[in-house]
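**Q** Can you keep this structure in mind? I'll have questions shortly.
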Amino acid sequence: MSCIATIQDYALRSIGIGERLLPRSDFTLCQQFTLIGSGMIWNIYFGLFAVTLGFFLANALALGKASKNTWLRKPSEWFIFLFRGSPLFIQFFFAYFLFQSLKGSSPFFGSFTSAWLGALLVLFCNTAAYTGEIFYGALQSVPKGDMEAADAYGLTGWRRFRRITWPTMMRLAWPSYTNEAIFLFHATTLVFFSGFPAWRQKGDALYYASYFADKTFNPFVPYPILAFYFILLTLVIIGCFGMVNKRLNRHLPKMQQQKFKFRMNVIR
Amino acid sequence: MGLYYSFGTVLLLLAITGPAALLFGFGGAVAARHHIAPVRLFGKTYISIVRGVPDIAFFLFFVIALDQALEWVRHKVKCPDWSEPIRQGNDFLVCSAAKLPLGTDPQWMHEVYGFLLAALTFAIVFGAFAANVLYGAMASVPHGQIETASAYGMNRRQIFRRVLVPQMWVYALPGLGNLWMVLIKATPLLFLLGVEDIVYWARELGGSKTARFSDYPHGDWRVWYFLGLLVFYLGFTRVSEKVLDRIMARLSRGQATLAGEAQRKAA
């Protein structure tokens, strides 16, 4: 079987299009590249939606945590502590079994037990908590002079927030937020490794990589392929976030601009 | 019962890995700023390689690689006259005397071996992170302190032992504390490595039931199990936070930092 045919059969395997059976023997490099790449669709799906949606909740959480009102502050603090203080792994398991038992009582939760929704929800809350903490830290370190200048210009309330506080907060938080986004994409590999089952062998990149590692007893091929895909993905994320960072920093002299520094985390 | 042991396993892993990672980290940091170039290169390579590889792929990959490397070395030593290649296609074959642990060993040896392998992996990975933190901490000890020490005629070793190391902890602690939190949260990964930890037991105890058990009359107790785990980890994190705050306050005493200055003024 030529490589083109393999790609035609398996490129969309992870979303259920193409050949039904996974290759069972005589694994070629092409098959491994195609299937693991096909699994990346899921990683990108989870990461993209969780980061985009989580961004909004994170803003709310950061503002809530900085709020003087106890009724706003306490829930935000607890939400952040809950999701930052426990392993994502356990969160996945817990969420999965919680949805399982809720499914019994109400059919509304039916689709929550499948990864595309349930795991996305967990990832969404998780990244919102981590990002919320980053934004909160940035909000605390908005320079006092900026606020005084805003006062001097007569900006107050919502207008001051929208024009001065929020952009500065974003600017300060952006390098760490980039790291958080990268890290979240890495964390998406946990989805099918924890509670959520891969239905009809439609899994993510790590699922296929470990499938090949199991079948061939040779981890030295599929995992480097996986690493290769993730390095590519990371570079794309750094590129996209870098453009936003440039825009956020465009009013500053070159020397003062905050540069992104890549920091790897192990696990969340 | 195994379930209770598994909590012990997690705590034991933390107790072993924490100091081991600190040791690895200290070694790595010292190596990375050593005055002999090859040692420095080694330290820096260690830090950057381990930190560069994505998280759980490393755990999955490294244990097998380490296992195979150990077996390969034993194979070379114990069976020098073995003629067949070790890698036969996809199989990894060593002579039976080189198997680790030996096939004849009792079950507990296998478990201990697996556990030690896991602990070593954790220590190496987290050691690299700790090395990075300590490296930064050593660099942030005020230069004046070092200069003063050398003005007093201390040599490189004395400066390191008497000035640099005692002062660096206060800079390292925030980073190390962070790392400790991450380490706590990384322990569920043990089950990926095949050690019978708490997550493993959750799956095992529910093993007789398949994915479709939502119509059981008594409901699914595994929710409560994982809720318990969640609370366990949250509590653990909370306690660690408090303890780290205490240590930080203790370490800041008499240091040339803002916190130390504040303590001096308050006293």
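The values are calculated or read from the model by the stated rules, or taken from the named source; none is laboratory data. Since the model is a prediction, treat every value here as computed from it, not as a measurement. Every residue, glycine as well, gets a Cβ built from its backbone with ideal geometry; the counts of neighbours run over all protein chains shown. Only protein heavy atoms, including side chains, enter the accessible area calculation; ligands, DNA and RNA are left aside. Shrake-Rupley method; radii C 1.70, N 1.55, O 1.52, S 1.80 Å.
**Q** Just check the range A:45-256 against the gyration tensor rule for me: Cα atoms, a ≥ b ≥ c as the square roots of the eigenvalues, rounded for a/c under 1.5, and otherwise prolate or oblate depending on whether a/b exceeds b/c.
**A** Oblate, because a/c is 1.5 or more while a/b does not exceed b/c.
**Q** How big a patch of accessible area, both sides summed and in Å² to the nearest 100, lies buried between B and A at a 1.4 Å probe?
**A** On the way: alone 16460 and 14820 Å², together 27510 Å².
The buried area between B and A, both sides summed, comes to about 3800 Å².
**Q** I'd like the Karplus ³J(HN,Hα) series for the range A:83-93: coefficients 6.51, -1.76, 1.60, θ = phi - 60°, whole numbers in Hz, and an x wherever there's a Gly or Pro.
**A** 8, 8, x, 10, x, 4, 3, 5, 4, 4, 4
**Q** Just which residues of the range A:85-114 lose 40 Å² or more accessible area with every protein chain there, against their chain alone, with the probe set to 1.4 Å?
**A** Hits at the 40 Å² cut-off: A:Gly85, A:Pro87, A:Phe89, A:Ile90, A:Phe93, A:Phe94, A:Phe97, A:Gln100.
**Q** Now, a different point. What does the C-alpha gyration tensor say about the overall shape of the range A:1-64? Classify as rounded when a/c is under 1.5, otherwise prolate if a/b is larger than b/c, or oblate.
**A** Working: a/c = 4.45, a/b = 3.83, b/c = 1.16.
Because a/c hits 1.5 or more and a/b exceeds b/c, the range A:1-64 counts as prolate.
**Q** Right, something else. Say each of B:Arg74 and B:Ala267 gets a label point 7 Å from the Cα, pointing the same way as Cα to Cβ; how far apart are those two points in nm?
**A** Placing both labels 7 Å beyond Cα along the Cβ direction yields 5.4 nm.
**Q** Still on this structure, please answer the following. Sort by residue number and name the cysteines in chain A that have no neighbouring cysteine Cβ under 4.7 Å.
**A** That list is A:Cys125, A:Cys240.
**Q** Multiplying the sequence separation of A:Gln140 and A:Phe56 by 0.36 nm and subtracting their Cα-Cα distance, what value in nm do you get?
**A** Numbers: separation 84, 0.36 × 84 = 30.24 nm, distance 1.84 nm.
So the chain would gain 28.4 nm between A:Gln140 and A:Phe56.
**Q** Ranked highest first by the average count of other Cβ atoms within 10 Å around their residues, in what order do B:114-121, A:126-133, B:37-44 fall? Don't skip to the end; give the middle numbers.
**A** Values: B:114-121: 19.4, A:126-133: 25.1, B:37-44: 13.9.
Answer by packing, highest mean first, reads A:126-133, B:114-121, B:37-44.
**Q** Rounded to the nearest 0.05, what FRET efficiency is calculated for A:Trp166 and A:Leu121 with R0 set to 22 Å and r the Cβ-Cβ distance?
**A** On the way: r = 26 Å, r/R0 = 1.20.
For R0 = 22 Å, the calculated efficiency reads 0.25.
**Q** With each pseudo-label sitting 7 Å past Cα toward Cβ, what's the B:Ala15-B:Gln107 distance in nm, one decimal?
**A** Each label point lies 7 Å from its Cα, and together they span 2.4 nm.
**Q** Simple spin-label model, 7 Å along Cα-to-Cβ: B:His143 to B:Arg162 in nm?
**A** Rounded to a tenth, the inter-label distance reads 2.3 nm.
**Q** Something else about it: With θ taken as phi - 60° and the coefficients 6.51, -1.76 and 1.60, list the Karplus ³J(HN,Hα) couplings across the range A:123-129 in order, rounded to whole Hz; mark glycine and proline as x.
**A** Those phi angles translate into 4, 4, 4, 4, 5, 4, 5 Hz.
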